[in-house]
Amino acid sequence: MNFEGLLWNSLIYEPFLHKISLQIQKRASSSIPRASIVLNEQRAEYEILYNEDFLRTLSEDEVKGVFLHELYHIALGHLWRIPDEIGDEEFKKWNFAADKAINGLDELVDIVPRDSIIPGYGMFLDEPRKMSMEWYLLNGKVPSGHVPALTFLPASANDSIVELAKAKLHG
């Protein structure tokens with residue numbers, strides 16, 4: 001499957017996200033389980049990393065949903081709104097809130113993978129869709145032990161999420 005071609009076709013009717021996508025490098029990486037938006041420190045630019053093995057398990061619509069999800073983190077300013085000094089649990093809340101704000105949008109709710117964090121579905125059935133990251137941060141739930149399916153920071157088993165956040169987002 002040509003993942004970049006699929007992304008290109010999905011952005012034909014999304015001029016705003018298309019413009020953002022043109023500015024973002026996209027590359028395969030086996031170091032992450034799914035997909036992520038990170039800061040490439042050498043180029044001082046954000047880029048989308050994706051695991052090709054994971055994407056091959058998805059339908060074309062779900063692949064589009066994954067890429068659009070990552071672009072929305074940029075469009076909605078999630079990456080630079082995380083506080084500098086937060087612990088693991090607080091970071092997890094921010095990540096859940098950002099994912100809910102994106103996955104609850106009409107454009108994505110039906111195309112992100114079903115195991116994603118989606119308000120109005122699964123364990124988040126009682127949460128409304130189309131709210132802001134701040135609303136979910138204040139009102140949303142974060143189940144213990146649940147790892148977001150789509151995230152904007154990759155984390156290996158040996159790295160603290162907080163350390164990655166500081167290194168990737170705040171230099």
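Sequentially through the stretch 66-72, phi angles give Karplus couplings (6.51, -1.76, 1.60; θ = phi - 60°) of 4, 5, 5, 4, 5, 5, 5 Hz, Gly and Pro residues having no value and appearing as x.
Ranked by the mean number of other Cβ atoms within 10 Å per residue, highest first, peptides 35-46, 77-88 order as 35-46, 77-88. Per atom type, the stretch 33-142 shows carbon and sulfur on 50% of its accessible surface, probed at 1.4 Å. Using the average count of surrounding beta-carbon atoms within 10 Å as a protection proxy, the listed peptides 56-63, 132-139, 12-19 rank, highest first, as 132-139, 56-63, 12-19. Straight Cα distances below 14 angstrom link Lys26 to the aspartates and glutamates Glu4, Glu45, Glu47, Glu52, Glu70, with same-chain residues fewer than 8 positions distant left out. For the stretch 1-112, relative contact order (Cα pairs under 8 Å, six or more residues apart, normalised by length) works out to 24 percent. For the stretch 42-117, the pair-distance distribution built from all alpha carbon pairs, in bins 10 Å wide starting at 0, is 17, 44, 33, 6 percent. Based on the alpha-carbon gyration tensor of the stretch 1-85 and its eigenvalue square roots a ≥ b ≥ c, which shape applies: rounded if a/c is under 1.5, prolate if not and a/b is larger than b/c, or oblate? Oblate shape, in that a/c is at least 1.5 and b/c is the bigger or equal ratio.
The values are calculated or read from the model by the stated rules, or taken from the named source; none is laboratory data. The structure presented is a predicted model; accordingly, all values stated were derived computationally and were not measured. Note that each Cβ is placed from the backbone with ideal geometry, even for glycine, and that neighbours are counted across all protein chains shown. Note: accessible area is taken over every heavy atom of the protein model, side chains too, but ligands, DNA and RNA are not part of it. Shrake-Rupley method; radii C 1.70, N 1.55, O 1.52, S 1.80 Å.
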